[in-house]
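Enquirer: Pasting in a structure now, in structure tokens, and then I'll have a few things to ask.
A short reminder: the numbers here are calculations on the coordinates, not readings from a lab. Treat the numbers as computed from the prediction; the structure is a model and nothing was measured. Here Cβ is always computed from backbone atoms with ideal geometry, including for glycine, and neighbour counts include all displayed protein chains.
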Amino acid sequence: MDYKYIEQLIERYLQCETTIHEERILREFFAQDDVPTHLKQWQSLFAAQHELSQAHLDADFNKRIMELTSTRVVTPRRITLYQRMRPLFRAAAIVAFAIVIGTVMNNPGNVSSESQSDMAHAEFVLESTTSAHPETYSAELVESAADSTSFIKVQTQEDMPMP
């Protein structure tokens, strides 16, 4: 019998040019008992491939693998709402702290912006009234009014605590 076709398939197999159908032909050929002596060297290769293609996993394969690989079971941890919101609470505390520090730095002391604007308004009214009708106001009245506003300014500035 001429085995030229089988030899050509072996050459093509070694060059990775065979199709699945041609590889099946080679496996079936080398699965026979009566293989020519000059092709016996390839029989072990194709017989091993044939045996590997026939191999199946046992029913308890997964169980054995799990026993070998898993030493402990990892359970998920429960995370509470407080734990999820903790970074937001920290951020809110930092923002509140920054606002308080900014407020203290912009308004040192006990003088509020309302009292400062009231004093400025009182000075404006006093100046506009005295400049509009200087004859109706005596010099003493203007001086006493000016002294009282400066007294208010001095008193509020002296009452401020020093940082």
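Enquirer: Taking 20 °C and 1.002 mPa s as the conditions, I'd like the Stokes-Einstein D for the stretch 4-57 in µm²/s, using the Kirkwood hydrodynamic radius from alpha carbon pairs.
Expert: Working: Rh = 11.5 Å.
The Stokes-Einstein estimate is 186 µm²/s.
Enquirer: Describe numerically, in nm with one decimal, the distance between label points set 7 Å from Cα along Cα→Cβ at R24 and at V95.
Expert: Reported label-point gap for R24 and V95 is 6.9 nm.
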